[in-house]
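Engineer: Here it is: the structure, laid out below.
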Amino acid sequence: MKILGVDIGGTAIKIGLADDHGNLASFREYSYNSKLGGKHLVEKLIQFIAENPSFDRIGISTAGQVNVEDGSILYANDNIPRYTGTKLKEILEREFQVPVLVENDANAAAIGEGYFGGGKPYDDFLCLTFGTGIGGAIVLNSQIYRGYNGIAAEFGHMITHPQGNPCNCGRSGCYETYASTTALVRKAAEIDKELTNGKAIFQAIDQGDTRLEPLLDDWVTEVSLGLTSLIHIFNPSAIIIGGGIMEQEKLVDMVDKKVKELIMESYSDVQIIRAVLGNKAGVLGAASLHRN
Ligand SMILES: [Zn+2]
């Protein structure tokens, strides 16, 4: 079966044509302007999908909270204005006349990692993606745990600092306002405004900018504090951490070391591992939605 895996993010739409074994015959990244809103997104999506050769199914991984029953968007924040309520499955099935399944991007990435990546050996694991915010997914007994309304695992909005930084969810002190890549970049930019992304920060550290080391240590502690709570709650066999910044191998080691300092000793066999599918996790996870 030829399945089109589609990964809708805040800045790009990635599309890959996958077979049942997770092999990609094609993979392409299309840019679009998410700020133009949900309607624009859907127009672009239809245009980009139509550029691909024939396929039997479409799997969608998307930013926002998803109703997986009807494939609609329950809630999306201002990264994609007016996307909330979009009936993605209905629109795409009408347009392309093939079965469509829709999943939240963090869950899709976890499904991808579970089938084809770092999660393969494990039945119980958590996935966290560090980027603009922090996405999360819970895999228990090899199934996504969705919670009552299907929106479990908003790890980014655990409150780690009461009365702390304001968060775009309307609350304050959320984990992602301290431990996302954006939070690290914001701190680094106070030292040097040229440091606008994670890569630049690590380059500066490698070139001997010692001002950034304490800042990175503090950020690793913020990341690890959140993971510590999650480990104590779920007792997972592994935590898979992804997002562009985690491609810095040193960083995963730093987080692993810090977590092992912070957790109760009885939990210390938990594995902290790096997501291996990189920017293809969403597309492969989306394509795998049709497996069940
Ligand atoms: Zn929040």
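Engineer: Mind checking which lysines have their Cα closer than 25 Å to the Cα of Lys89? Skip sequence neighbours fewer than 8 apart in that chain.
Structural biologist: Cross-link targets: Lys2, Lys14, Lys35, Lys39, Lys44, Lys280.
Engineer: Same structure again: Averaged per residue, what accessible area in Å² does the stretch 73-208 show with a 1.4 Å probe, protein chains only?
Structural biologist: Result: 51 Å² of accessible area for each residue.
Engineer: Oh, and also: From the residues Leu251, Ile263, Pro236, which one has its Cα farthest along the dipole of the stretch 189-274 in the positive direction, the dipole being from +1 and -1 charges on Cβ of Lys/Arg and Asp/Glu about the Cα centre?
Structural biologist: Most positive-ward Cα: Pro236.
Engineer: Another question, if that's okay. Straight-line reach only, C-alpha to C-alpha below 25 angstrom: list the lysines that Lys257 could link to, leaving out same-chain residues fewer than 8 apart.
Structural biologist: Lys120, Lys187, Lys199
Engineer: With springs connecting C-alpha atoms under 10 Å apart, model the chain as a Gaussian network and identify which of Glu176, Glu90, Glu190 has the largest mean-square fluctuation.
Structural biologist: Greatest mean-square fluctuation among the candidates belongs to Glu190.
Engineer: Here is a further query. Apply the Karplus parameterisation 6.51 cos²θ - 1.76 cosθ + 1.60, with θ equal to phi minus 60°, to every residue of the stretch 105-119 and state each ³J(HN,Hα) to the nearest whole Hz, in sequence, with x for glycine and proline.
Structural biologist: 4, 5, 5, 4, 4, 5, 5, x, 5, x, 7, 10, x, x, x
Engineer: Calculate the dipole size of the stretch 118-276 relative to its Cα centre from +1 charges on Lys and Arg beta carbons and -1 charges on Asp and Glu beta carbons; express the result in debye to the nearest 20.
Structural biologist: 400
Engineer: Contact order normalised by length for the chain, with contacts defined as Cα pairs under 8 Å and 6 or more residues apart; what percent is it?
Structural biologist: 21
Engineer: Between the stretch 233-292 and the stretch 31-54, how many Å separate their Cα centres?
Structural biologist: Value for the Cα centre distance between the two parts: 30 Å.
Engineer: Right, next: How large is ³J(HN,Hα), in whole Hz, for each residue of the stretch 230-237 in order, when computed from phi with the Karplus curve 6.51 cos²θ - 1.76 cosθ + 1.60 and θ = phi - 60°, using x for Gly and Pro?
Structural biologist: 5, 5, 5, 7, 9, 6, x, 6
Engineer: Another question about this same structure. For the stretch 166-183, what does the Karplus curve 6.51 cos²θ - 1.76 cosθ + 1.60, with θ = phi - 60°, yield as ³J(HN,Hα) per residue in whole Hz, taken in order and with x for Gly and Pro?
Structural biologist: x, 10, 6, 7, x, 9, 9, x, 5, 3, 6, 6, 10, 10, 6, 4, 4, 5
Engineer: Which whole-number percent is the relative contact order of the stretch 118-276 (Cα, under 8 Å, 6+ apart)?
Structural biologist: The value is 24 percent.
Engineer: For Tyr30, enumerate residues with amide H under 5 Å from its amide H, sequence gap 5+ or separate chain, H modeled in the peptide plane.
Structural biologist: Result for Tyr30 returns Ile13, Lys14, Ile15.
The values are calculated or read from the model by the stated rules, or taken from the named source; none is laboratory data. Every value quoted in this text rests on a predicted model; they were computed, and no experiment measured them. For neighbour counting, all protein chains shown are included, and Cβ atoms are generated from backbone atoms with ideal geometry for every residue, glycine included. Accessible surface is based on the protein model in full, side chains and every heavy atom, while ligands, DNA and RNA are left aside. Shrake-Rupley method; radii C 1.70, N 1.55, O 1.52, S 1.80 Å.
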